[in-house]
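The values are calculated or read from the model by the stated rules, or taken from the named source; none is laboratory data. This is a predicted model, so every value here is computed, not measured. Note that each Cβ is placed from the backbone with ideal geometry, even for glycine, and that neighbours are counted across all protein chains shown. Remember, those area values only see protein heavy atoms, side chains included, never the ligands or the DNA or RNA. Shrake-Rupley method; radii C 1.70, N 1.55, O 1.52, S 1.80 Å.
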Amino acid sequence: MEKLIIIGAGGYAKSVLDSIDYYNYKVKGFLDEFSIEEEHLGHPILWHSLDGIEHPEKYFYFIAIGNNQRRKDWYDRLCSGKLRLINVVDRSAIISPEAKIGNGCFFGKMSVVNSRAIIGNNCIINTKSLVEHGCTVHNHANISTNSVINGDVVVGEGTFVGTCSVTVGQKKIGAWSTIGAGAVVISDVGDGVTVAGVPAKEIKKSAMLG
């Protein structure tokens, strides 16, 4: 049985722990940069940085951090150290054998990824979310609970798709954007913008992207 280190001792870790393949992985403990507690959800918080782990190459890793930018930062650190990440796929998730998925991803309870969809690295496909046929979800994106992405949609890197939102087919959502909870996206969304409402309209643009 392989030993697993979970990075991030917060709320998202509850879902991750509930969906881990315990036949193949045993949780060694948590790494959390900020927690002052000694344990989380019945598992010890053993480290606060990668530097504290003796022989880090012996372990597998999963990043249980909901914030897309922080999750990306950790993904880059692990990859630069050539450390091994796993996917966590809940037993109730449905992933088409014709779909392609990256590494370090989470597929929550009753999530569905349909035929010819492509899921990048370090993505969250959360509880009851639907990624339909032919969609592409780029690295570090978060498809939140009960959201629907219809056929052939492209979701950009680092984008957050809010709970219960619906994106109609053949639309493009840019990188590092936010789709508000309950929004209905009927047109393309640019990079670094926040949209909300029915139909979804731009309400904010990232200053970093002008």
P(r) for the range 143-203, please, calculated from all Cα pair distances in 10 Å bins and given in %.
29, 66, 4
Along Cα→Cβ, 7 Å out, is where each label goes; now give me the distance between the ones at Asp152 and Lys201 in nm to one decimal.
2.9 nm
Computed ³J(HN,Hα) along the range 104-114: with the Karplus parameters 6.51/-1.76/1.60, θ = phi - 60°, integer Hz and x for glycine or proline, the list is x, 9, 10, 10, x, 4, 6, 6, 9, 10, 9
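Under 9 Å from the Cβ of Ala9, count the other residues' Cβ atoms, weight Lys and Arg +1, Asp and Glu -1, and hand me the total.
Values: positive: none; negative: Asp32, Glu37, Glu39.
With Lys, Arg at +1 and Asp, Glu at -1, the neighbours total -3.
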Phe34 to His55: FRET efficiency via 1/(1 + (r/R0)^6), r the Cβ-Cβ distance, R0 35 Å, to the nearest 0.05?
0.90
Where N is the number of residues in the chain, Cα Rg divided by 2.2 N^0.38 Å
1.02
Could you state how much accessible area Glu37 has, in square angstrom rounded to the nearest 10, with a 1.4 Å probe and all protein chains kept in place?
110 Å²
Helix 68-80 versus the longest principal axis of the chain: what is the Cα-based angle in degrees, 0 to 90, to the nearest 10?
50 degrees
Solvent accessible area, Å² - Phe60, 1.4 Å probe, full protein context
30 Å²
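If packing is taken as the mean number of other Cβ atoms within 10 Å per residue, what is the order of 194-204, 163-173, 49-59, 147-157, highest first? Show your work: numbers first, answer last.
Working: 194-204: 15.5, 163-173: 18.5, 49-59: 11.9, 147-157: 21.6.
Descending mean neighbour count gives 147-157, 163-173, 194-204, 49-59.
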With Rh as the Kirkwood radius over Cα pairs, the range 94-210 has Rg/Rh of 0.95
